[in-house]
Amino acid sequence: MQAVKSTAFAPLARELASTGRRLYARGWVLGTSGNFSAVVSRRPLRLAITASAVHKGALRSSDILAIDEQGGVIRRNAKTPSAEAALHLEIVRREGAGAVLHTHSVWSTMLSELHAPRGGVELEGYEMLKGLRGVKSHEHREWIPILENDQDMPRLARAVGEMLQQNGSLRAFLLRRHGLYTWGDTLAEAERHVEVLEFLFESVGRLSTLSNRKKERRHGADQNP
């Protein structure tokens, strides 16, 4: 069992715990939902990742585990890593991400179901898009693919890998009726992506609701002249 340098792991564990508590406070990872990771080292690949079934509002650095490239726990610990560790590893390998954050907000869950037949959610023309890495103008179209959820994690990880390979320059994706996965070069950048995308999901969702209500009112007026 190869050790992870405590000087590298300890600060990341503290940062991940703080990040998790902030995301919980925003209502994006209620209860034990969500999972977060950050790269400790590339060679060999080592991640700091949240333990399974931990309440994110009470997340502590002791709830962060170190795993290897196969998802095995490096340090002896009674806790087990998130069941979705394989997805984090796939994203890190494919995208070169430094951190991966997975949230379970109401709006991302609803939109992942509503837009599933289209295969994704299109975000276009919003000033907030400039908060995403590399985006310089509101005149930008961001495509967020939607994948079917699967309890078979190796199979789901393969599906994630295939999707990332087929779609260049992705910054995020949704799992249907599940939530958002996004990443960044750093933990701070990944957290910013969560904030930007959750804002946009809520905006799109609320706008769609208002639009439907207006259509219903017009339809009602037409039916009752």
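What follows draws every value from the coordinates through simple rules; no lab data is involved. The structure presented is a predicted model; accordingly, all values stated were derived computationally and were not measured. Cβ sites come from the backbone with ideal geometry, for glycine too, and all protein chains shown count toward neighbours.
Might you report the magnitude of the Cβ-based charge dipole of the stretch 51-139 about its Cα centre, with Lys and Arg at +1 and Asp and Glu at -1, to the nearest 20 debye?
420 debye
Find out how many positive minus negative residues lie around Lys136, taking Lys and Arg as positive, Asp and Glu as negative, among other residues whose Cβ is under 12 Å from that of Lys136.
Once all neighbours under 12 Å are counted, the net charge is 0.
If neighbour count is taken as other Cβ atoms inside 10 Å, put Glu162, Glu191 in order from fewest to most.
So the ranking, lowest neighbour count to highest, is Glu162, Glu191.
What's the magnitude of the charge dipole for the stretch 6-214 around its Cα centre, counting Lys and Arg as +1 and Asp and Glu as -1 at the beta-carbon? Answer in Debye, nearest 20.
440 debye
Just to confirm the filter: which GluC sites (Glu not before Pro) across the stretch 42-125 are DSSP coil and have at most 14 other Cβ within 10 angstrom of their Cβ?
Filter output for the stretch 42-125: Glu69.
Only Cα pairs under 8 Å and at least 6 apart count here; give the relative contact order of the stretch 43-178 as a rounded whole percent.
21 percent
Mind checking the stretch 98-194 for chymotrypsin sites (Phe, Trp or Tyr not before Pro) that DSSP puts in a loop (not H, G, I, E or B) and that have at most 13 other Cβ atoms within 10 Å?
When the chymotrypsin sites (Phe, Trp or Tyr not before Pro) of the stretch 98-194 are filtered for loop state and at most 13 Cβ neighbours within 10 Å, nothing remains.
Along the stretch 149-164, what does the Karplus equation 6.51 cos²θ - 1.76 cosθ + 1.60 (θ = phi - 60°) give for ³J(HN,Hα), rounded to whole Hz, x for Gly and Pro?
So the J values, rounded to whole Hz, are 6, 7, 7, 8, 5, x, 5, 5, 4, 5, 5, 4, x, 5, 5, 5.
From the P(r) of the chain, could you give the percentage of C-alpha pairs in the tail past 34 Å?
17 percent
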